[in-house]
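Asker: This structure is in structure tokens; I'll ask about it shortly.
The values are calculated or read from the model by the stated rules, or taken from the named source; none is laboratory data. Computed from a prediction, not measured in an experiment: that's the story for all the values here. Positions of Cβ are backbone-derived with ideal geometry, glycine not excepted, and every protein chain shown enters the neighbour counts.
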Amino acid sequence: MKAIINRILNSEFLTFNEVLRLKVAIVTTFLFVFVFLSILLSSFNDFTLDINILFPLGFALMLMLTLVLMIFNLNRWAMHLSIYTIIGLTIFYVGGSNHFYGYILFFVTLTIIIFYQDVITYLIYGGAITVFGVFYTILNGESILGINSPGVEISSLTYQVILVGFYVVFLVQFIISDNIYEKMNNEWVRMNKVLEKYQDFSLEYLIEVSEKNEKDLI
């Protein structure tokens, strides 16, 4: 990580694998803080003491495994494990009594998946967590909004639309970005082929000139 940070400070180009490793490190740091605070605030949950302690410790072990994967440069596996960790934390906390807090965690999970900028990962994991979030909002709409809140059904539907809209907007953004990247990549490949042709032509011309002047090639 020190080498990557030095390269960033020196404005050097980072490979895709190095960028992914940096992102996993940032997400893992965030999750470590999140799990640590969860252990400290475990008394505010409705779970029993053993669940409040054992589950966060289990997630902490998952984060340690994520760091081990990063050390061995298995950054893609580390990315998936970090996503599993935040999804697991979300599923764990939506079982508590504070349903609005659980609803917010769906957005936190989606934000982390978005941060990785991987369209397939977002399509699969993000889609699954969004569907789960919609069903969660349908089942716990009164608890999220408050039992005495007016127009609970309409407000619950609004929460569902916000969650689905959040997912769809970034999905569209991913698709557009992916198309732009593909066009740029195709243009880069085309330019490389053109440059190779120019280089071949230049080399052939150099050989002809050298032969005419009866000079040895360098």
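Asker: Could you please find all residues in segment 45-99 being among the aromatic types (Phe, Trp, Tyr), at pLDDT below 85 and within 19 Å of residue 128 (Cα to Cα)? Reasoning before the result, please.
Answerer: Going residue by residue through segment 45-99, those that are among the aromatic types (Phe, Trp, Tyr) are 47, 55, 59, 72, 77, 84, 92-93.
Remaining after also requiring at pLDDT below 85: 47, 55, 59, 92-93.
92, 93, listed by residue number.
Asker: If a residue has to be of a type in the set (Ser, Thr, Tyr), surrounded by fewer than 21 Cβ atoms within 10 Å (Cβ to Cβ) and closer than 17 Å to residue 20 by Cα to count, how many in segment 78-121 make the cut?
Answerer: Of the residues in that region, 4 qualify.
Asker: Can you tell me which residues in segment 142-173 are at pLDDT 85 or above, touching a helix residue (DSSP H, G or I) at 6+ places or on another chain (Cβ under 7 Å) and not β-branched (Val, Ile, Thr)? Spell out the reasoning first.
Answerer: From segment 142-173, those at pLDDT 85 or above are 157-173; that's our starting set.
Then keep just the ones that are touching a helix residue (DSSP H, G or I) at 6+ places or on another chain (Cβ under 7 Å); that gives 159-160, 163-164, 166-167, 170-171.
Those that are at pLDDT 85 or above, touching a helix residue (DSSP H, G or I) at 6+ places or on another chain (Cβ under 7 Å) and not β-branched (Val, Ile, Thr): 159, 160, 163, 166, 167, 170, 171.
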